[in-house]
Amino acid sequence: MTEPHEDDTPAGLTGPEGVMWQAFRIGRTCDLTEGAAERDDPFGQAPWGAERSVRADVVAALLLDGPQPRPGRVTALKLRGARITGVLDLAGGSVSPYVELHGCRFDHEVVLPEARFGTLRLVGCALPRLEAARLHTEGDLHLPRCRVAGGIRLTDAQIGTDLLINQIRVGPDGRGRAIAADGMVVAQDLQAELIETRGEVSLRGAKVGVSLNLRGSVLRAARGRRALNAPQLTVERTLYLNAAWVYEGDGGSTATPPYGVAPVRDSRLKPAEFHGGVRLDDGRFGDAVDLHHARFLLSGARREELSLRRIVTPELRFNGERPEEGRVVLNGARVVTLIDLPTSWPGPGGLAMGGFVYENLVPYGRFPLATRLAWVAAATPEYAPEPYERLATVLRNSGEDADAREVLLAKQRRRRETLPVAGKLWGYVQDWTVAYGYRPGRAALWMAVLWGAGTLAFSWYTPVPIKQGEGPAWSGPLYALDLLLPVITLGQDGYWRLEGAWQWTAAVLILLGWILATTVAAGATRLLRRG
């Protein structure tokens, strides 16, 4: 390899390596395929011999210190159907030529820590492992349809434009991680549609300049790990954890239809599945978090969660499938618009949303108030006023005053269950009379009933005046009303001497009048405070 021939090809190259060397100088594809699908499948069992093998050292020599291009040409490494033997180690190197490998097999891991590339594309390749911590690319990094048995490491990598890993299949490394990309920065889109991973996908502190797409993907956690671990993730636009339209192509393979989302003939909707915990705590998402048709298979025994603690996003689309186990946690999250389905939320004990702030509710379908109250109750196994008050505020701001009052009434009824016996009894009185002031019309009805009863009773009785010749003429209706209305006097009370059972009748009317007045005053105070 050190002494060049007359055509500048180093000595000691094998036949396939010589072809690759010359193809590199003119930017042409070196195609080592045999033309038979079963023989050219990089994931199949057919052996690839010396006739299609190139050494990793030769590939590294081309990329790091390759020959000059032919006049009028641009150097590029384009390989198809090649077997790369040995460890391809480009750690710390700067690779200027364009690199694109299709359907290749690597016998050993690819080592790229702190390497610099323009654009790197590995399409449909089989790799034992990709080690690329602190990798830097000026352009794209593409790994679509690859299979990586021992995990991918992209910790602190810098991707100049797009990271494309659609339909990749990745196994776990020795620590149970399939993709370790903590601190990675992608300048534009991270496309990970229809991927399958066995092991944790870790994106802690990662930043994506446009959107992150995991449509239709299946993420399976390794033992003791999460399916997706992405706290402090920043996505400038939308995080898609939703379903994708797929169709059966030639040979039954699954592929993405045009644009990835539109249904076409013979297509089906494939939901995104997360077999294990999902952590998005403290994430920042510029447009939305989309969970449409997402499926979260959480283990209650392992206390797995879909954790959205303290996320900030203009829109949360929570309209996937209901998690049968585990918990959904929204504590401290801040959302402008919540789009949801009643069938998407877990039941009692499966939801926590203390400090969850949202400004608008847009149900994805019919969401009755009774079901919405059950949603709040499911999130508060122990009474907490804040979720009720937040819901009431949102309903009132959208013009649903009657529904807002029903929510606050439900809050008072939940609170009543936490009070001692005396407080519960007084609460029941307030509820039966004026519904804690949230149904003030009920007070007028009770007043009318009591006034009618008092009028009827006192129509059968004419008391003796306390002082003869003083005071007004006896009027049963006015006297009953004077007893019922505290503070206000109508000129009847205080001029008549009641005896026997009539004294008790008057005392009962006075007591009930004070109760009604107190509850009405409490309700009015709440209304004024809300105003």
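Could you work out how much longer the chain between Glu38 and Asp107 gets when fully extended? Use 0.36 nm per residue separation minus the Cα distance between them, nm to one decimal. Before the final figure, lay out the partial values.
On the way: separation 69, 0.36 × 69 = 24.84 nm, distance 1.89 nm.
Value of the extension gain: 22.9 nm.
Averaged over its residues, the stretch 40-181 has an accessible area of 39 Å² per residue, based on protein heavy atoms and a 1.4 Å probe. The GluC sites (Glu not before Pro) of the stretch 133-238 include none that meets both conditions, a loop assignment by DSSP and at most 10 other Cβ atoms within 10 Å of the site Cβ. Take every DSSP beta bridge whose two residues both sit in the chain; close to 10 percent of them are antiparallel. Within a straight-line Cα-Cα reach of under 27 Å, Lys411 can be paired with the following lysines, leaving aside sequence neighbours fewer than 8 residues apart in one chain: Lys424.
Please work out the FRET efficiency for the pair Leu456 and Arg497, using the Cβ-Cβ distance as r and a Förster radius of 22 Å; give the result to the nearest 0.05. Don't jump to the answer; show the numbers that get you there.
On the way: r = 21 Å, r/R0 = 0.96.
The formula returns an efficiency of 0.55 here.
From the helices alone, meaning DSSP H stretches of at least four residues, give me the mean residue ellipticity at 222 nm for the chain, per-run term -39500 (n - 2.57), in deg cm²/dmol to the nearest 500. Don't skip to the end; give the middle numbers.
Numbers: 10 runs with 137 residues, N = 531.
Calculated at 222 nm, the ellipticity per residue is -8500 deg cm²/dmol.
Taking amide H as placed 1.01 Å from N in the peptide plane, Tyr364 has its amide H under 5 Å from the amide H of Asp340, Leu341, each at least 5 places away in sequence or on another chain. As a rough guide to protection, the peptides 390-403, 219-232, 54-67 ranked by mean Cβ packing within 10 Å, highest first, stand as 219-232, 54-67, 390-403. Residue by residue, the stretch 272-285 carries 3J(HN,Hα) couplings of 6, 10, 10, 8, x, x, 10, 10, 10, 4, 6, x, 10, 10 Hz when phi is fed to the Karplus relation 6.51 cos²θ - 1.76 cosθ + 1.60 (θ = phi - 60°); x denotes Gly or Pro.
Summarise the accessible area of the chain (1.4 Å probe, protein heavy atoms) by the percent that is carbon and sulfur. Numbers along the way, then the final one.
On the way: 13240 of 24780 Å².
It is 53 percent, rounded to a whole number.
Around the Cα centre of the stretch 1-157, unit charges on the Cβ atoms of Lys, Arg, Asp and Glu (plus for the first two, minus for the last two) sum to a dipole of about 420 debye.
Using a ≥ b ≥ c from the Cα gyration tensor of the chain (square roots of the eigenvalues), is it rounded, prolate or oblate, where a/c under 1.5 gives rounded and otherwise the larger of a/b and b/c decides, a/b for prolate?
Here the chain falls in the prolate category.
Accessible area per residue for the stretch 312-438 is 45 Å², calculated with a 1.4 Å probe on protein heavy atoms, without ligands, DNA or RNA.
The values are calculated or read from the model by the stated rules, or taken from the named source; none is laboratory data. None of the values given here were measured: they were computed from a predicted structure. Here Cβ is always computed from backbone atoms with ideal geometry, including for glycine, and neighbour counts include all displayed protein chains. Side chains included, ligands, DNA and RNA excluded: accessible areas come from the protein's heavy atoms. Shrake-Rupley method; radii C 1.70, N 1.55, O 1.52, S 1.80 Å.
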